[in-house]
Every structure is written in structure tokens, then in C-alpha cells.
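Heads up, the thing below is written out as C-alpha cells.
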Amino acid sequence: MAYMSPQMIATVAPPEAGHMPVRLLVADESAMGCELLQTAFKRFSGQFEVAACEITSSGIVRCLAKSRVDVTLISADLADGPLMGLKALRELHLSHPMVRVVILFNSLRDDLVVPAFCAGAKGVFCRAEPFDRLRKCLLAVYKGQVWANSRQLQMILEALTNAAPTRIVNARGLSLLTNRETQLVQLIAEGMPTSEITSRLGISEHTVSNYLFRIYNKLGVSNRLELALYAIKQRDSRLKA
């Protein structure tokens with residue numbers, strides 16, 4: 001099964017010669033787990049450098065406050081408890097919103113995939129997968145891409161489809177998008193391909209691309225998956241208000 005959506009993620013190539021290794025923060029539920037991962041990454045010293053290892057959620061936050069890290073690999077379960085990695089992710093997204101995080105699950109649970117992405121993860125990964133795929137995942141996330149398989153993408157789109165009609169607003173409650181842009185976001189949320197969107201709205205594919213470019217710039221996202229996650233977060237924040 002392909003673990004990268006061709007519409008979302010480009011093929012991952014090794015860093016170019018002379019490129020600095022990707023600095024990693026590795027957070028696992030035990031010191032032994034951290035050591036095993038660190039040893040595995042040493043086999044790819046030209047691509048990765050493990051800058052630090054942590055086993056608690058508080059340790060992750062402290063480490064990022066004082067260390068330069070490119071990508072953080074966080075186990076969903078940490079030494080301070082089950083799913084504490086997701087708690088740390090939510091804190092990091094507030095205090096260090098630019099940090100790129102991959103969540104490492106012992107087994108991927110459907111009920112945690114969408115919450116992980118909504119909390120700020122740029123990728124989710126299962127320990128059952130080969131290490132070489134983890135390497136590709138981290139390189140993709142480092143390059144600003146999102147790592148998700150086709151099933152996970154579908155789950156995210158379904159979560160948005162089942163939400164209330166999309167209305168994206170700023171902190172003052174004012175709409176950030178025009179009526180036409182809001183229509184486009186809702187059709188994307190329904191999983192509609194560009195060819196059907198053009199027919200539904202009576203516009204060309206070029207016009208759809210122009211609309212998406214403007215929407216991405218307004219919201220600070222870069223692809224349809226991130227747009228869907230942004231809209232889900234907006235929905236959830238309105239429900240909690």
C-alpha cells in the first residue's frame with residue numbers, strides 16, 4: 001500500500017551533497033527505545049543527526065526551548081503515561097508552531113489519526129512499518145510535506161464532510177474567505193475532484209487553481225490536506241466556544 005498520496009507528497013530524495021543533516025529530537029517511552037532509534041539513525045549520518053532524546057512530555061518542551069531541531073519524532077506513549085505524546089504535541093503546537101512533528105504509534109488507531117493531525121502533527125507512523133519508510137517519512141516532513149496514506153487522507157476528508165458547513169473566520173468572527181472561496185472549500189471537503197468542481201461552479205480548472213492559491217495564502221496552508229485540517233480545527237473551536 002502506498003504511504004504517500006501522489007496528490008499531496010512528492011517523491012522523497014536524499015539531501016543533496018553538502019546538505020546539513022536533519023536535526024532530530026527523538027522522544028520515546030523508554031531510554032532503551034531512544035537508544036535503539038538513535039543507533040538506527042546513525043546508519044544514515046549523512047541525512048540525520050539526533051540532537052537530543054527525551055522520554056517525558058515536559059522534557060520535550062524543555063528541550064525545544066533550548067535546542068535547534070528540524071523535526072521531532074514523538075511516541076504517542078511516553079514514560080509519563082499513555083498518549084502523553086499527543087499532549088506534548090498540543091503544547092508544542094501552541095508554543096512552537098513551526099516545529100514539524102511526526103507521531104509514532106505502537107499501532108495506528110483510527111480514532112487517533114484525525115486528532116493527531118488536528119493537534120499539529122505533520123505525519124503519523126506505525127512501529128510495524130520498516131525503518132526505511134520512517135526515514136522517508138521524516139525527510140518528507142522536513143521538506144514541508146505531510147505524510148499520510150490514502151486511508152488516513154480519506155478519514156480526514158470524512159471528518160470535514162461530516163462537520164457543519166464550513167465558515168472560516170478570524171479571532172473577531174469575521175469571514176476570511178469570500179462566498180465563492182467558501183463554496184470551493186466545502187466541495188473540496190466533500191472529496192470532489194477538480195473536474196467536478198469546475199462543472200458544479202461553472203468555472204475553469206485554471207480559475208479553481210487561482211482560487212486555491214488565494215485561499216492557501218489567506219490561511220497559511222499549502223495543500224488540500226492542510227486546508228481540510230484547518231477547516232476541521234475551525235469547526236472544533238466553534239463547537240467548544
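The values are calculated or read from the model by the stated rules, or taken from the named source; none is laboratory data. It should be emphasised that the depicted structure is a prediction, and the values quoted were computed from it without experimental measurement. Glycine also receives a Cβ, built like all others from the backbone with ideal geometry; neighbour counts cover every protein chain displayed. Accessible surface areas use protein heavy atoms only, side chains included; no ligands, DNA or RNA. Shrake-Rupley method; radii C 1.70, N 1.55, O 1.52, S 1.80 Å.
Count the net charge of all other residues whose Cβ sits under 13 Å from the Cβ of SER67, scoring Lys and Arg as +1 and Asp and Glu as -1.
Neighbour charge sum, excluding SER67 itself: +1.
Using a 1.4 angstrom probe with every protein chain in place, what is the largest-first accessible-area order of ASP28, ASP132?
ASP132, ASP28
Just to confirm a number: summing +1 for Lys and Arg and -1 for Asp and Glu over residues other than MET192 whose beta-carbon lies under 14 angstrom from that of MET192, what do you get?
Its environment carries a net charge of -2.
Name the shape class, rounded, prolate or oblate, that the alpha-carbon gyration tensor gives for segment 35-152, where a ≥ b ≥ c are the square roots of its eigenvalues, rounded holds for a/c under 1.5, and otherwise prolate holds if a/b is larger than b/c and oblate otherwise.
rounded
Calculate, for LYS66 and THR207, the FRET efficiency according to 1/(1 + (r/R0)^6) with r their C-beta to C-beta distance and R0 45 Å; round to the nearest 0.05.
So, using R0 = 45 Å, E works out to roughly 0.40.
Can you send over the carbon and sulfur percentage of the accessible area for segment 66-122, probe radius 1.4 Å, protein chains only?
Carbon plus sulfur share of accessible area: 57 percent.
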